[in-house]
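For reference, the structure is listed below as structure tokens.
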Amino acid sequence: MKILLVEDDLEIASFVAKGLRESGFVTDHAADGVQGLDLALGENYDAIIVDIMLPRLDGLSLIRELRKKDTRVPIIILSAKRSVDDKVKGLMTGSDDYLTKPFAFAELLARIQAAIRRSSTTEDPVRLETGDLSLNLVTREVKRGEVNIELQPREFALLEYLMRNEGRILTRTMILEHIWDYHFDPQTNVVDVLLCRLRNKVDRDFEEKLIHTIRGVGYVLKRPS
């Protein structure tokens, strides 16, 4: 999943971005409102975190512009402004949640996950399923049948991406940009290495194989027809 962080305090931005990446999120950072708006309109994000007091374009104006464009991505305000009036104003502008500084990263992460779940179009926004494979977005538990599967953060992020796009072929370039945010030679083998690791955990010990290679194109997760 991909997050945009719009924050001019570089110390806070570094702390939040590091935590998000360690949690398996691809994270872009913008240090001012204009850059944040450009990124938000030019990329596909699963959630956006916005400070209010930003140079060039304040956070509330940024949110208004996004909502004018009918952008429905979840937006969380992260601000030092703590009054009830500030929170109400922020929420009325079009944000989905409001968290005040200082904050615990665990709470921010929980709010991001909750906002993404609420915006999900799946019938069960907490749980993804393909056949006997299930992935819980809250507990981060992965199972095939009754067998627990332990995944590293990037493996989890890749499986979630595959399951959210069940039946759709994902190219190596798409996976690179979604999981690593790489914009370079798609011939690099990091995707193949990660897919191999994931396949060994998800498919190797099971009769029904779910992750399939489409030679020369990419990968797809689906049940055999």
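The values are calculated or read from the model by the stated rules, or taken from the named source; none is laboratory data. Quantities reported herein were computed from a predicted structural model and do not represent experimental measurements. Methodologically, a virtual Cβ is constructed for each residue, glycine included, from the backbone with ideal geometry; neighbour enumeration extends over all protein chains shown. Ligands, DNA and RNA are stripped out before the accessible areas are found, and what is left, the full protein with its side chains, is counted by its heavy atoms. Shrake-Rupley method; radii C 1.70, N 1.55, O 1.52, S 1.80 Å.
Express the C-alpha Rg of segment 1-123 as a ratio against the empirical globular expectation 2.2 N^0.38 Å, rounded to two decimals. It would help to have the intermediate numbers written out before the result.
Numbers: Rg = 13.0 Å, N = 123, 2.2 N^0.38 = 13.7 Å.
With N residues counted in segment 1-123, Rg over 2.2 N^0.38 Å equals 0.95.
Taking the Cβ of H212 as the center, what net charge do the other residues with Cβ under 13 Å away carry, scoring Lys and Arg +1 and Asp and Glu -1? Once all neighbours under 13 Å are counted, the net charge is +3. Axis angle, to the nearest 10 degrees, between helix 59-68 and the longest C-alpha principal axis of the chain: 60 degrees.
Using the Cα centre as the reference, give the magnitude of the dipole from point charges on the C-beta atoms of segment 11-147 (Lys, Arg: +1; Asp, Glu: -1; all else neutral), rounded to the nearest 20 debye.
Value, rounded to 20: 300 debye.
Give K18/K89; K2/K68; K201/K222 a once-over and call out the pairs whose C-alpha atoms are over 24 Å from each other. Exceeds cut-off: K18/K89. Surface analysis of segment 1-154 yields an accessible area of 51 Å² per residue, using protein heavy atoms and a 1.4 Å probe.
Rounded to the nearest 500, the 222 nm mean residue ellipticity of the chain from helices alone is -11500 deg cm²/dmol, with -39,500 (n - 2.57) taken per DSSP H run of at least 4 residues. Matching the structure-derived Rg and Dmax of the Cα atoms in Å against the labelled list [x] 17.1, 58; [y] 18.7, 58; [z] 15.8, 45 gives the label [y].
Could you work out what % of the accessible surface of segment 1-47 is carbon and sulfur, using a 1.4 angstrom probe and leaving DNA, RNA and ligands out of the count?
Carbon and sulfur together cover 48 percent of it.
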